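Student: Take this structure, written in structure tokens, and hold onto it; I'll ask about it next.
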Amino acid sequence: MTIKTKGQPYEIPRYSLTGDLLSFLECEIQYRFNSKGSMPPSTPVQRWFGDFIHGVMEVGFSEWKDGRLDLNNMDFEDTQRIAKIVAERLEDRGLHPYGSLYIKEDSGNNKRKDYNGNMIAHFSLSRWAPYLYPLINDNEVKMEDLRPMLGYGQGLSNSEYYAVQGIVDVISTFDVRKFQANNPLVKALMLKEEVSNLISNQDEYEIIIDYKGMERPPTDSDTWKHHEWQLNTYMWLRDQQIKAEGRKTPILAGVLLYLNELHLSKAAIERLQKVVNEGRTDLMPKEQDLHRLQNGNRFNESFRIKRSIRVVAYNPEQIQSSLEHFDNVVKCIESNLISEQSDSTDVWKHWTGKYSKDRCVACDLKTFCPHAKEGNFSIQVP
Ligand code: SF4
């Protein structure tokens with residue numbers, strides 16, 4: 001009789017949607033060094049702003065729930081008080097903004113209004129919180145589920161599965177009986193044909209909302225596509241969670257709020273001028289707004305709010321396709337890791353992929369990374 005031996009124990013690899021999969025898609029090498037190689041960036045400006053704007057929306061929500069924030073009478077001082085609480089929490093974690101992005105105090109000379117970080121925090125709270133907070137059922141919802149590991153059995157991974165993890169900023173239960181025609185979020189949902197087609201005789205639906213501390217990406221960019229995969233994967237994860245809880249509430253859509261659209265910086269306006277000239281955005285400005293943009297000015301407020309919302313309707317086929325894309329991303333990461341283990345003398349050759357010039361500018365690795373865009377970054381004395 002042959003006694004079967006047990007295989008080596010292994011842990012199911014866990015992949016976070018934003019921290020791993022989207023980071024890898026932005027730049028494989030940066031992901032390898034910053035996430036897998038415990039070499040965190042020294043001035044993580046992208047991370048600071050993302051954490052800052054998420055923190056502002058969360059602290060605002062908890063203050064409103066506790067009755068400390070009046071959504072209908074919120075002024076600049078209220079929004080800056082909340083922004084300062086978040087900036088100080090980030091400082092405690094060793095995270096600081098670039099000098100020109102945000103200031104905590106201005107000794108009453110209105111300087112804070114010249115800083116984009118201060119203004120985006122102000123507009124995110126004062127324009128979005130009154131519409132969004134009353135719709136929130138749950139915030140910071142953690143989700144995790146298993147996916148089959150591609151490449152298992154072909155020497156690419158020891159694990160038959162991987163765990164995909166996500167933290168959704170907001171889950172909202174949208175009641176079609178209480179349709180709020182003046183709410184821009186509800187309006188954007190109802191105007192999307194694929195979403196309104198999903199509404200049947202059911203009264204309650206869930207929507208998933210995520211904040212992004214960035215501009216609305218051009219529709220032909222990888223980022224635009226990857227954000228859709230992210231929302232679709234969130235919808236799948238939430239679906240699994242709802243089923244596991246024995247509930248039947250259907251999911252209607254995923255929504256991204258591109259909060260930087262509420263107050264575009266000068267550089268962002270220049271980028272958008274180019275994008276609009278080339279017709280690479282789904283929400284093109286018209287008449288007055290086009291004129292404003294051509295003159296280097298910001299849009300009217302209603303169009304800024306409109307551009308900050310992106311809705312992706314619940315669609316099982318699209319969800320399946322997004323999951324398969326991420327399965328392939330995990331397969332690539334696992335195969336790069338195995339390849340590096342087999343020959344660790346030259347890390348660079350195992351991690352390649354796409355990267356953008358903008359990302360290289362703010363990356364600590366640019367002075368020695370052979371893939372840095374244009375390759376002409378020099379070491380600067382601090
Ligand atoms: S310098 Fe550019 S290519 Fe190199 S790791 Fe950084 S972002 Fe990626």
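Student: Which residues, taken from segment 284-320, are among the aliphatic types (A, V, I, L, M) and either under 29 Å from Ser100 (Cα atoms) or in contact with a Phe, Trp or Tyr (Cβ under 7 Å, 6 or more places away or on another chain) (or both)? If you could, list the steps in order and put the result at the bottom.
Tutor: Start the filter on segment 284-320 by keeping residues that are among the aliphatic types (A, V, I, L, M), which leaves 284, 290, 293, 305, 309, 311-313, 319.
The answer is Leu290, Leu293, Ile305, Ile309, Ile319.
Student: Tell me, please, whether a residue that is hydrophobic (A, V, I, L, M, F, W, C) and under 23 Å from Phe61 (Cβ atoms) can be found in segment 265-285.
Tutor: Going residue by residue through segment 265-285, those that are hydrophobic (A, V, I, L, M, F, W, C) are 267-269, 272, 275-276, 283-284.
Next cut, under 23 Å from Phe61 (Cβ atoms) only: none.
No - not one qualifying residue is present in segment 265-285.
Student: Restrict the check to segment 149-159 and report whether at least one residue is in contact (Cβ under 8 Å) with a residue 40 or more places away in the chain and part of a strand (DSSP E or B).
Tutor: As a first pass, look at segment 149-159 and keep what is in contact (Cβ under 8 Å) with a residue 40 or more places away in the chain: 149-151, 155-159.
The next check asks that each one be part of a strand (DSSP E or B); those that pass are 157.
The answer is yes, given that some residue of segment 149-159 is in contact (Cβ under 8 Å) with a residue 40 or more places away in the chain and part of a strand (DSSP E or B).
Student: Find the residue count for segment 92-112, including only residues that are under 24 Å from Phe61 (Cβ atoms) and either assigned to a helix (DSSP H, G or I) or open to solvent by 50 Å² or more (accessible area, probe 1.4 Å) (or both).
Tutor: 4
Results for (1) small (Gly, Ala, Ser); (2) modelled with pLDDT of 90 or more; (3) within 15 Å of the ligand (Cβ to nearest atom), shown as yes or no for each residue.
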site	(1), (2), (3)
Ile309	no, yes, no
Asn315	no, yes, no
Gln320	no, yes, no
Gln341	no, no, no
Trp351	no, no, yes
Ser356	yes, no, yes
Thr367	no, no, yes
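Student: If you don't mind, there's one more thing I want to ask. Taking the conditions exactly as written (closer than 19 Å to Ser221 by Cα, more than 15 Å from the ligand (Cβ to nearest atom) and not in a loop (DSSP other than H, G, I, E, B)), does Ser335 satisfy them or not? Before you say what the answer is, go through the steps one by one.
Tutor: Numbers: closer than 19 Å to Ser221 by Cα: no; more than 15 Å from the ligand (Cβ to nearest atom): yes; not in a loop (DSSP other than H, G, I, E, B): yes.
In short, no.
Student: So which of Arg238, Arg271 ends up being assigned to a helix (DSSP H, G or I), open to solvent by 30 Å² or more (accessible area, probe 1.4 Å) and not aromatic (Phe, Trp, Tyr)? Spell out the reasoning first.
Tutor: Details: Arg238 fails: open to solvent by 30 Å² or more (accessible area, probe 1.4 Å).
Just one listed residue meets the conditions, Arg271.
Student: In segment 20-34, what residues are more than 8 Å from the ligand (Cβ to nearest atom) and either of a type in the set (Ser, Thr, Tyr) or farther than 11 Å from Thr352 by Cα (or both)?
Tutor: Asp20, Leu21, Leu22, Ser23, Tyr31, Asn34
Student: Next question. Name the residue, out of Lys286, Lys266, Lys243, Lys274, that is among the basic types (Lys, Arg), over 15 Å from the mean Cα position of the chain (by Cα) and within 21 Å of Ile136 (Cα to Cα). Show your work before the answer.
Tutor: Details: Lys286 fails: within 21 Å of Ile136 (Cα to Cα); Lys266 fails: within 21 Å of Ile136 (Cα to Cα); Lys274 fails: within 21 Å of Ile136 (Cα to Cα).
Residue meeting the stated conditions: Lys243.
Student: Which of the residues that make up segment 179-217 are open to solvent by less than 30 Å² (accessible area, probe 1.4 Å) and of a type outside the set (A, V, I, L, M)?
Tutor: So the first thing to find is which residues in segment 179-217 are open to solvent by less than 30 Å² (accessible area, probe 1.4 Å), and the list is 183-186, 188-189, 195, 205-213, 216-217.
Asn183, Pro184, Tyr205, Glu206, Asp210, Tyr211, Lys212, Gly213, Arg216, Pro217 - these are the residues of segment 179-217 that are open to solvent by less than 30 Å² (accessible area, probe 1.4 Å) and of a type outside the set (A, V, I, L, M).
Student: Another one. Tell me which of these Leu290 doesn't satisfy, since it passes every other one: (1) surrounded by 20 or more Cβ atoms within 10 Å (Cβ to Cβ); (2) over 30 Å from Thr352 (Cβ atoms); (3) among the hydrophobic types (A, V, I, L, M, F, W, C).
Tutor: Against the list (1) surrounded by 20 or more Cβ atoms within 10 Å (Cβ to Cβ); (2) over 30 Å from Thr352 (Cβ atoms); (3) among the hydrophobic types (A, V, I, L, M, F, W, C), Leu290 comes up short only on (1).
Student: Right, another one. Given the condition under 29 Å from Tyr205 (Cα atoms), touching a helix residue (DSSP H, G or I) at 6+ places or on another chain (Cβ under 6 Å) and open to solvent by 70 Å² or more (accessible area, probe 1.4 Å), answer yes or no: does some residue in segment 317-324 qualify?
Tutor: Scanning segment 317-324, I find at least one residue that is under 29 Å from Tyr205 (Cα atoms), touching a helix residue (DSSP H, G or I) at 6+ places or on another chain (Cβ under 6 Å) and open to solvent by 70 Å² or more (accessible area, probe 1.4 Å), so the answer is yes.
Student: If Val86 satisfies every condition in (1) more than 22 Å from the chain's Cα centre (by Cα); (2) assigned to a helix (DSSP H, G or I) but one, which is the exception?
Tutor: It fails just one condition, (1).
The values are calculated or read from the model by the stated rules, or taken from the named source; none is laboratory data. Treat the numbers as computed from the prediction; the structure is a model and nothing was measured. Please note: Cβ atoms are built from the backbone with ideal geometry, for glycine as well, and neighbour counts cover all protein chains shown. All accessible areas refer to the heavy atoms of the entire protein, side chains included, with ligands and DNA or RNA removed. Shrake-Rupley method; radii C 1.70, N 1.55, O 1.52, S 1.80 Å.
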